[in-house]
There are 4 protein chains.
Amino acid sequence: MADERDELIRAGRLFDRRGWVEGTGGNLSARAAAGGFWITASGSHKGELTREDFVRVDIDGTLLETGAPGRRPSAEVAIHQTVYRLFPQTGAVYHVHSTEANVVSLFSNGPMLRLAPLEVLKGFRVMEDNPRVEIPLLPNWSNVAQIAADMHARLANSPPPRIPAALIRLHGITVWGPDALTARHYVELLEYILRFMVQARSAGVEEDW
Amino acid sequence: MADERDELIRAGRLFDRRGWVEGTGGNLSARAAAGGFWITASGSHKGELTREDFVRVDIDGTLLETGAPGRRPSAEVAIHQTVYRLFPQTGAVYHVHSTEANVVSLFSNGPMLRLAPLEVLKGFRVMEDNPRVEIPLLPNWSNVAQIAADMHARLANSPPPRIPAALIRLHGITVWGPDALTARHYVELLEYILRFMVQARSAGVEEDW
Amino acid sequence: MADERDELIRAGRLFDRRGWVEGTGGNLSARAAAGGFWITASGSHKGELTREDFVRVDIDGTLLETGAPGRRPSAEVAIHQTVYRLFPQTGAVYHVHSTEANVVSLFSNGPMLRLAPLEVLKGFRVMEDNPRVEIPLLPNWSNVAQIAADMHARLANSPPPRIPAALIRLHGITVWGPDALTARHYVELLEYILRFMVQARSAGVEEDW
Amino acid sequence: MADERDELIRAGRLFDRRGWVEGTGGNLSARAAAGGFWITASGSHKGELTREDFVRVDIDGTLLETGAPGRRPSAEVAIHQTVYRLFPQTGAVYHVHSTEANVVSLFSNGPMLRLAPLEVLKGFRVMEDNPRVEIPLLPNWSNVAQIAADMHARLANSPPPRIPAALIRLHGITVWGPDALTARHYVELLEYILRFMVQARSAGVEEDW
């Protein structure tokens, strides 16, 4: 029988091939029909997930079900809770670590990062010529609760972002979408833009966008 | 039974592994023996195509057949129509988005981009020493019809290009060939040249070609 | 029946996909329940290992068992012995060659290399903000015994390193962990950090960390 | 029954995954027990070879056998003949096109390219500290016979090279070895060194080696 975890397992495998979830990095979640959301357990390798490597938690973080005894939710569950709480239409939240996202996180000292105006922004329903789109750029803290609090403070008081994503400095991106498949496509597209930005700067052809 | 879509499915899988069709990016088409051409449906992931993810359209864009109910042609079908119309020997048209193509699209402000004189140009039947070959470099527009019109205007009034390809700025390449397999080889070769051009510039060894 | 070699075979395959064990490069070992440790045989390709491609040696290097007749231990077995001797909790030692590790080995002329303060350091239990973590940077010698002696001299007289790894200049990293799976994750994480450091410097955004 | 072509088929698949034989680029050969050598047929994609995609030719280029009717030897067969003739111990010759080899071919204007003194040179039996090793750097010509003649002139009058390889400018490397497996390892190692050289220069840490 199909299970919300299956698309997360698949996404993890694809992200692993790209090198975006090295070690036991990254965390993936999706809303569960049974209530709350499934999230990867702490310490699991995202390229080799099974259904046992997930726990189901309520939006306030209460543990509802574990795929296998002893599994605990990802240490970064608070970030997922923040996103589900702020954007109730969210069906899945992915947090991955690419080197490119980390490099790009040093391109701006401010609170926002402008994305290069690539055509692929259409994948986020950005339909104008030479679009001006930014994503929040948050500081990193070893205390995950502080990251989640920053993210809440930043996103709760702004209009809903055009790109459903935030970048945490020297850490990685958090991306969300209406369902697990769309969220995966969003990760691919955002990582594509960030990869382009690194290459353009390395080649010295970056423009003033 | 073999079907023109099968080679497109295969090409999509190969392009996906390279990161050239992120999200639901890119679009692939091939002439159909039954008339018109098969083109990927809007919103499909090119690494995971099935025959259902295609529609068959006439050269004027009229929908002839859908792989599955409700599928609509790629939003960029007009670009494919333009190519089939201008170059009647064309059997397949591929449009893909690599980061390198986007970086290279910033190397020239003019209407053409000179390709580095690599030996692999022989794959396009360019057989001279230190060849001087250019491809059209077109502006990008959110309105696809405008891209198609630009491409028509540029290509209709020139001798047939030596390299069957055009580059759309910050968007990607469109490549065509006599059949789907050859067109796939052409994509590989052109992306190879563009990748080289990015690396050569990043390493500071680009010459004045 | 499970065997300590199986996780090494798997690790070799994964490292090969990344290009970290080109030719017959790299060497992998894990403690054996039967005594001593299994190490890859000299001349084996790490992406295509079978159980025959290992030999079991005592911690002093005495050959205990060969997977197939005539196999000899990796020429770099002395480095593995050094690690097992210095850190008795070590369950596995991996030595791989990435181009990025070699590039980064030129970032410092001193005896240590500071790692960029990326969030993934948490995978090594480094839990503070903006962590300051270094790994030993050793000279390379064609005489492997000299590398092993240098490593012993450097590590024997220091507190246990926070990151269980050393970098040998223009050669590669040696990484160890309590078990083969954890050691593999450590390799992925350290290579991730080194890859980031190369990209950040190439893009000109490296900070003073 | 085993066949010399099988290891070439496998090598082609591995090279294709790395992007070293784009389009129908590259050509692979190995001595045949039946006489002469098997070489990839013109126009074949090296990632998808079958035994039919080879022809067997004598060392003077005479066609001895075709895997399938109508197949002709690679247009670059003359380069393979040159190597087999000059170095009778050669069991296999591989010619591949990486972007990195092309970038590096611009690092020197002279007739030789010094390789970075990486530890992996041990894979070529280069066993000293800080080794000084060069490979011939040949000009490219659209006329393959001219490349082969240049290679012959350069190699016939020198001591046998320490690295069994030559680099053709803006074209690619030719590598040979005593057997097909060893030659594949040599390709991996040389491409590794060239990749490092491009990364080191792009990061600005290249030394005066």
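When you scan the range B:158-180, do you find a residue that is assigned to a helix (DSSP H, G or I), at pLDDT 95 or above and either more than 17 Å from B:M112 (Cβ to Cβ) or open to solvent by less than 40 Å² (accessible area, probe 1.4 Å) (or both), even just one? Yes, the range B:158-180 has at least one match. Of the residues in the range D:95-112, not one is more than 30 Å from B:P117 (Cα to Cα), more than 13 Å from chain C (Cβ to nearest Cβ) and surrounded by fewer than 24 Cβ atoms within 10 Å (Cβ to Cβ). In the range C:19-126, counting only strands (runs of 3 or more DSSP E) that sit wholly within it, the ones holding 2 or more residues that are over 28 Å from C:A156 (Cα atoms) span C:63-66.
Remark: pairs (first residue in the range C:168-184, among the basic types (K, R); second residue open to solvent by 10 Å² or more (accessible area, probe 1.4 Å); Cβ separation under 6 Å; 6+ apart in sequence or on different chains) = C:R169/C:P139; C:R169/C:N140. Of all residues in the range D:22-68, those that are among the hydroxyl-bearing types (S, T, Y), more than 14 Å from every other protein chain (Cβ to nearest Cβ) and open to solvent by 20 Å² or more (accessible area, probe 1.4 Å) total 3.
Whether any residue in the range D:168-179 is among the charged types (D, E, K, R) and in contact with a Gly (Cβ under 6 Å, 6 or more places away or on another chain) is what I want to check.
Yes: the range D:168-179 contains one or more residues that are among the charged types (D, E, K, R) and in contact with a Gly (Cβ under 6 Å, 6 or more places away or on another chain).
Of the listed requirements (1) within 14 Å of chain D (Cβ to nearest Cβ); (2) of a type outside the set (S, T, Y); (3) assigned to a helix (DSSP H, G or I), C:L137 misses just one: (3). Among the residues making up the range A:7-21, a single one is open to solvent by 10 Å² or more (accessible area, probe 1.4 Å), within 20 Å of C:R17 (Cα to Cα) and of a type in the set (A, V, I, L, M): A:L14.
What number of residues within the range D:187-209 are of a type outside the set (K, R), facing chain C (nearest Cβ under 7 Å) and in a helix (DSSP H, G or I)? Residues flagged as of a type outside the set (K, R), facing chain C (nearest Cβ under 7 Å) and in a helix (DSSP H, G or I) within the range D:187-209 amount to 8.
The values are calculated or read from the model by the stated rules, or taken from the named source; none is laboratory data. Nothing here was measured: the structure is a model prediction, and the numbers come from that model. Because the Cβ atoms are built from the backbone with ideal geometry, glycine has one as well, and the counts that use them run over all protein chains shown. What goes into the accessible areas is simple: the full protein's heavy atoms, side chains included, and nothing from ligands, DNA or RNA. Shrake-Rupley method; radii C 1.70, N 1.55, O 1.52, S 1.80 Å.
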